[in-house]
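Read-outs throughout are calculated quantities, based only on the coordinates presented, and are distinct from any laboratory measurement. Not measured: the values here are computed from a predicted model. Note: ideal-geometry Cβ built from the backbone for every residue, glycine included; neighbour counts use all protein chains shown.
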Amino acid sequence: PQPSVAPQPLAVSQPVSAPNRWIIKGVWEHGSDGMDDDALLNDPAAGELQGRLAERRARTGRRCFAERFVEGREFAVALLADEGGPETLPPAEIDFSAFPAGKPRVVGYRAKWSEECFEFRHTPRRFEFKPSDRPLLQRLGRLAIDCWRLFDLRGWVRVDFRVDDSGQPWILEINANPCISPDAGFSAMLQQASIPFDRAIERILEDVLL
């Protein structure tokens with residue numbers, strides 16, 4: 001499932017954690033542009049959420065929406081085209097353990113692009129998991145493949161998830177052309193899978209061009 005959104009809520013289930021906590025995101029912007037701690041809104045009063053959306057649009061000139069914030073763990077699952085269908089690469093989890101209490105556990109703009117910031121230096125990916133996480137990781141992999149098939153995706157994809165306190169995964173984003181720069185998450189997953197970068201590019205081109 002996907003967290004509900006405003007201003008037009010979807011008829012979907014709600015996360016069990018943070019039932020009235022929202023995060024404001026841009027409709028068209030990539031790379032978490034404009035998304036940092038102040039993008040979160042806790043327990044808004046009637047009309048406050050719509051007011052914040054209108055205020056941000058007036059200030060930035062960009063359309064935005066609010067999504068139910070899912071408190072919990074954050075994962076990314078990448079898929080790479082292969083002859084027999086997409087291959088699931090080793091999943092990554094964002095490590096928020098260095099964040100102080102009360103700081104939103106969000107991979108926002110500073111975490112991705114501001115190398116001198118606390119957020120950038122304290123949101124590493126990790127690939128080592130406890131045996132008890134195996135069923136969850138397998139479920140995330142199946143959901144990512146379902147996304148690939150549902151949207152008829154090609155080449156390479158990354159699906160981002162949050163997992164709430166009950167263990168329920170929520171799909172945040174299906175990225176149909178994730179960054180493949182050497183320091184990007186997709187490249188790190190290729191390395192974990194022992195797939196040479198050049199070979200990955202060949203597989204992408206074979207899938208989308210042939």
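Can you compute the modelled spin-label distance between N20 and A98, with each label point 7 Å from Cα toward Cβ, in nm?
Reported label-point gap for N20 and A98 is 3.6 nm.
Jot down the per residue volume, in cubic angstrom and as a whole number, of the convex hull over the alpha-carbon atoms of segment 61-159.
So the per-residue hull volume is 168 Å³.
So for segment 118-175, what are the equivalent ellipsoid semi-axes in whole Å, largest first, each being the square root of 5 times an eigenvalue of the Cα gyration tensor?
22, 17, 11
Using 0.36 nm per residue, how much length does the chain from E115 to E48 gain when fully extended, once their Cα-Cα distance is taken away?
20.8 nm
When averaged across all projection directions, what area in nm² does the alpha-carbon convex hull of segment 85-210 cover?
That works out to 8.8 nm².
Be a star and scan segment 61-85 for residues whose amide nitrogen sits under 20 Å from the point 7 Å along the Cα-to-Cβ vector of L210.
79-85
From the backbone phi of segment 95-103, what are the Karplus-calculated ³J(HN,Hα) couplings (6.51 cos²θ - 1.76 cosθ + 1.60, θ = phi - 60°) in whole Hz, Gly and Pro given as x?
8, 9, 4, 7, 5, x, 4, x, 7
Kindly express, to the nearest 10 degrees and within the range 0 to 90, the angle between helix 197-209's C-alpha long axis and the longest C-alpha principal axis of the chain.
Tilt of helix 197-209: around 80 degrees.
With the cut-off at 20 Å, report for segment 27-101 the share of all Cα pairs above it, as a whole percent.
In whole percent, the long-distance tail amounts to 53.
Does the chain come out rounded, prolate or oblate by the C-alpha gyration tensor, with a ≥ b ≥ c the root eigenvalues, rounded set by a/c under 1.5 and, if not, prolate when a/b is larger than b/c and oblate if not?
prolate
Give me the one-decimal nm value for the distance between modelled label points at W28 and F129, 7 Å along each residue's Cα-to-Cβ direction.
3.6
Post the alpha-carbon centroid distance, segment 31-101 to segment 107-172, in whole angstrom.
11
How far, in nm, would the chain grow between D38 and A193 when pulled straight, counting 0.36 nm per residue and subtracting the alpha carbon separation?
Gain in length upon complete extension: 52.2 nm.
Using Cα pairs closer than 8 Å and at least 6 residues apart in sequence, work out the relative contact order for the chain, in percent.
Here the relative contact order equals 22 percent.
Run the numbers on segment 72-159 and let me know its relative contact order in percent, using alpha-carbon pairs under 8 Å that are six or more apart.
So the answer I get is 37 percent.
Just flag the GluC sites (Glu not before Pro) in segment 69-119 sitting in loop per DSSP whose Cβ has no more than 13 other Cβ atoms within 10 Å.
On the way: sites: E71, E74, E83, E87, E93, E115, E116, E119; in loops: E71, E83, E115, E116.
When the GluC sites (Glu not before Pro) of segment 69-119 are filtered for loop state and at most 13 Cβ neighbours within 10 Å, E83, E115, E116 remain.
Between E173 and R149, with labels modelled 7 Å along Cα→Cβ, what's the label distance in nm to one decimal, could you check?
2.6
Could you run the Karplus curve 6.51 cos²θ - 1.76 cosθ + 1.60 with θ = phi - 60° over segment 173-181 and give me ³J(HN,Hα) per residue in whole Hz, x for Gly and Pro?
7, 10, 9, 7, 8, x, 4, 10, 5
Could you list which residues have their amide H under 5 Å from that of C64, counting only those 5 or more apart in sequence or on another chain, with H placed in the peptide plane?
Result for C64 returns V27.
List, in order, the whole-Hz ³J(HN,Hα) value for each residue of segment 57-63 obtained from phi through the Karplus relation with A = 6.51, B = -1.76, C = 1.60 and θ = phi - 60°; use x for Gly and Pro.
Whole-Hz 3J(HN,Hα) from phi for segment 57-63: 5, 5, 6, 9, x, 10, 6.
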